[in-house]
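The values are calculated or read from the model by the stated rules, or taken from the named source; none is laboratory data. Predicted model only: the values in this text are computed from it and were never measured. When we count neighbours, we look across all protein chains shown, and the Cβ atoms used for this are built from the backbone with ideal geometry, even at glycine. Ligands, DNA and RNA are stripped out before the accessible areas are found, and what is left, the full protein with its side chains, is counted by its heavy atoms. Shrake-Rupley method; radii C 1.70, N 1.55, O 1.52, S 1.80 Å.
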Amino acid sequence: MNKRSKKKLLRGCLAAALILFGSSATYAQATPQRVVSINVCTDQLAMLLASEAQLRSVSFMAVDPFLSTMADQASRLPLNDAQVEEVILMKPDLVLASTFSSRTTVELLHELGVRVEEFEPARDFEDIRLQIARMGNLLGQPERAQAEIESMEAALAEIDRPSSDLSVALYYANGYTSGPGTLIDAVVRQAGLKNIAERAGVRGSTRMPLEMLIMEKPDIILSSSRERGPALAFENFEHPAMHALENQARIVSIDDNLTVCGGPFTVKAVEQLAGAARE
């Protein structure tokens, strides 16, 4: 059986499941009561804002503490693997997804009449504000959303930023860095620091040659909070020139789960970075 035939068979089976089990899925704009999230970023926004029993399931990634700031809360909810078959059997009236979620799952859910709302990855704090507000409206919780936004704004305003003009190099496994257009770059800016990637003409996420990193002479090197394993991906950190640079610059790490997704919790990343820069 070829791929097209399998997909056609899957559609038929799912349609039969809808008839057998029934479905509350419609595109009506009534406040949803059976919400399923299939992405770690929508998981966290939904857990922040949904009322009790409104959120029926989150993705399996939500319980990974390296990816999610709300792993403990997620562990008390049913988990899903973002597979259309399991989602349909939950009879959702709203599915929350990312634009990076499985296209097959999202398209099949649309075809079966399930309401799916997709979220772009947040790239700055304005995106975070807009996404919190949108999630609040989708869940019928605009007041909770507004309260989260106001709390986030207040926390950002209270951050004690360093007085000196310090430069930061974001440097990760395989020599990757991040420039303007990424959430971690927005964190650097909010902390009152300068990202050398912008000065080097880097946008988005890409590799930065070690030579460029050394020439820029950053005051701070920001790397992942995860331990470096014995892998070729971390070979760049063992170069003698990198060791010399590490003796000159301040080495800082912030919790990865604060910047995998955008949310009110991302303020903690700014606090951690600004605090490390003041030391």
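Name the single residue, out of those in the stretch 35-92 being hydrophobic (A, V, I, L, M, F, W, C) and at positive phi, that is most open to solvent (accessible area, probe 1.4 Å).
Result: A53.
Hey, does the stretch 72-83 have a residue that's in contact (Cβ under 8 Å) with a residue 60 or more places away in the chain and more than 12 Å from I38 (Cβ to Cβ)?
No - not one qualifying residue is present in the stretch 72-83.
For the stretch 256-271, which residues satisfy the criterion of being modelled with pLDDT of 95 or more and touching a strand residue (DSSP E or B) at 6+ places or on another chain (Cβ under 7 Å)?
Correct list: A269 only.
Can you tell me how many residues in the stretch 98-114 are open to solvent by 10 Å² or more (accessible area, probe 1.4 Å) and closer than 20 Å to T31 by Cβ?
1
Output the residue which, of all residues in the stretch 107-164 that are within 28 Å of I220 (Cα to Cα) and β-branched (V, I, T), is nearest to the chain's Cα centre (by Cα).
I128
Can you pull out the residues in the stretch 186-213 that are in contact (Cβ under 8 Å) with a residue 40 or more places away in the chain and either acidic (D, E) or crowded, with 21+ Cβ neighbours inside 10 Å (or both)?
The answer is A186, V187, V188, A191, L193, L213.
Here are some residues: P121, P142. Which one is within 26 Å of R56 (Cβ to Cβ), open to solvent by 20 Å² or more (accessible area, probe 1.4 Å) and in contact with a Ser or Thr (Cβ under 8 Å, 6 or more places away or on another chain)?
Checking each option against the conditions leaves just P121.
Please specify each residue of the stretch 162-185 satisfying the condition of being in a helix (DSSP H, G or I) and either buried (at least 22 other Cβ atoms within 10 Å of the Cβ) or at pLDDT 85 or above (or both).
Hits for the stretch 162-185 are L183, I184, D185.
So, of the residues in the stretch 263-276 that are in contact with a Leu (Cβ under 8 Å, 6 or more places away or on another chain) and open to solvent by 10 Å² or more (accessible area, probe 1.4 Å), which turns out to be nearest to A154 (Cα to Cα)?
Looking at residues that are in contact with a Leu (Cβ under 8 Å, 6 or more places away or on another chain) and open to solvent by 10 Å² or more (accessible area, probe 1.4 Å), I get P264.
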